[in-house]
Structure formats: C-alpha cells, structure tokens
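Below is one structure, written out as structure tokens; the observations come after it.
The values are calculated or read from the model by the stated rules, or taken from the named source; none is laboratory data. The structure presented is a predicted model; accordingly, all values stated were derived computationally and were not measured. Neighbour counts run over all protein chains shown; Cβ positions are idealised from the backbone, glycine included.
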Amino acid sequence: MMPALLEQMNEHSRTALLAESLVPRARKRRSGETVDLAAIEQAVRTILVAVGEDPDREGLLDTPRRVAKMYADMFSGLHQDPARHLRVMFAENYEEIVLVRDIRFASMCEHHLLPFFGVAHVCYIPNGRVTGLSKLARVIDEVARRPQVQERLTQ
C-alpha cells in the first residue's frame with residue numbers, strides 16, 4: 001500500500017482512511033482508456049429499447065451520451081489512486097488530533113447503480129507528520145467515486 005508513509009505513523013494515526021480496503025489501487029482498462037463511453041452509450045440505448053422507449057425520440061436523443069458522461073464521472077475513482085494524495089506529508093511538531101468534518105460525497109450503489117450521498121468526518125493523530133486538510137477531502141471524493149455498498153464505504 002504505502003509502506004513508507006505507514007512506517008512514519010504511529011499505531012493511533014493509522015486510520016481507517018488509510019486501510020487498504022478503503023484506498024484500493026486505481027484500475028485501468030486493458031486498452032489503457034479509463035471509460036468506454038461508446039459502449040456505455042450503446043448499452044443505454046439498448047436499455048431504453050428494452051423498456052419500450054424510443055431512444056431516437058426528441059427527449060431521449062442525447063440521453064445515452066449524458067448517461068455515459070455521468071457514469072464516467074461517478075466511476076472516476078476506479079481509475080485514480082486516492083493514496084497519492086497522502087504521499088506528501090510535512091514534519092510538524094503537532095500531536096493533537098486533526099479533524100476534518102462535513103466532507104460531502106456522492107457514490108454509486110453497486111447493486112442497483114443508483115447514487116447515494118453522505119457526509120464523512122476524518123480524523124487522525126499526526127505523530128509529528130501532517131498532510132493538508134484538502135488532501136483528506138480529495139481521498140474521500142476519489143474513494144466514493146466507484147460502485148460500492150454504503151456499508152463498505154463507511155467501514
């Protein structure tokens with residue numbers, strides 16, 4: 001995971017945020033691309049036809065493109081490594097708890113492909129090493145942008 005970073009931290013500052021289960025490595029598609037927008041568009045057209053809609057009617061003409069772009073955004077965390085935000089730490093003689101509250105996030109339920117929303121609070125004890133507060137919010141954002149169940153995201 002991040003062995004050098006973890007070695008610099010004491011037992012108390014190894015938060016669930018840094019747990020490997022919550023900071024998985026980025027996954028690349030075999031082609032090197034992150035998302036196949038054309039395949040998503042075609043799949044959306046197929047779904048529209050399957051439910052009895054006409055994907056060529058005026059109100060639905062751009063829907064496959066819009067849905068593909070939405071999925072690319074909502075699943076962008078699959079192709080990013082959130083741990084990269086925590087690689088830069090600064091030596092700081094600060095031993096009190098650091099808390100970032102009310103980090104809003106949006107994620108996607110892996111069972112139904114419907115969005116869910118929440119608010120995260122992250123805290124850690126620096127043990128002489130700190131990172132920027134905005135980095136913690138970026139980690140939450142990237143971890144949330146992938147299909148998952150709420151229970152796993154909030155472990």
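Some observations on this one:
- Residue check for Y71: surrounded by 12 or more Cβ atoms within 10 Å (Cβ to Cβ), modelled with pLDDT of 95 or more and among the hydroxyl-bearing types (S, T, Y): yes
Yes or no, residue by residue, for (1) basic (K, R); (2) out of contact with any strand residue (DSSP E or B) (no Cβ under 8 Å at 6 or more places or on another chain):
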{"site": "D81", "(1), (2)": "no, yes"}
{"site": "R87", "(1), (2)": "yes, yes"}
{"site": "A91", "(1), (2)": "no, no"}
{"site": "Y94", "(1), (2)": "no, no"}
{"site": "V98", "(1), (2)": "no, no"}
{"site": "F116", "(1), (2)": "no, no"}
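- Region 136-155, residues that are modelled with pLDDT under 90 and more than 16 Å from D102 (Cα to Cα): Q150, E151, R152, Q155
- Residue among P24, P64 that is surrounded by 12 or more Cβ atoms within 10 Å (Cβ to Cβ) and either of a type in the set (F, W, Y) or at pLDDT 60 or above (or both): P64
- Count of residues meeting criterion [part of a helix (DSSP H, G or I) and either surrounded by 16 or more Cβ atoms within 10 Å (Cβ to Cβ) or among the small types (G, A, S) (or both)] in region 136-155: 10
Yes/no per residue for (1) of a type outside the set (A, V, I, L, M, F, W, C); (2) in a loop (DSSP other than H, G, I, E, B); (3) crowded, with 17+ Cβ neighbours inside 10 Å; (4) modelled with pLDDT of 95 or more:
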| position | (1), (2), (3), (4) |
| --- | --- |
| R84 | yes, no, no, no |
| V88 | no, yes, no, no |
| I103 | no, no, yes, yes |
| V122 | no, no, yes, no |
| N127 | yes, yes, no, no |
| S134 | yes, no, no, no |
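- Scan region 27-60 for residues that are modelled with pLDDT under 95, within 18 Å of M70 (Cβ to Cβ) and not charged (D, E, K, R) and the total you get is 2.
- Test: residue in region 50-72 that is under 26 Å from the mean Cα position of the chain (by Cα), touching a residue at least 60 places away in the same chain (Cβ under 8 Å), over 22 Å from V122 (Cβ atoms) and in a helix (DSSP H, G or I): no
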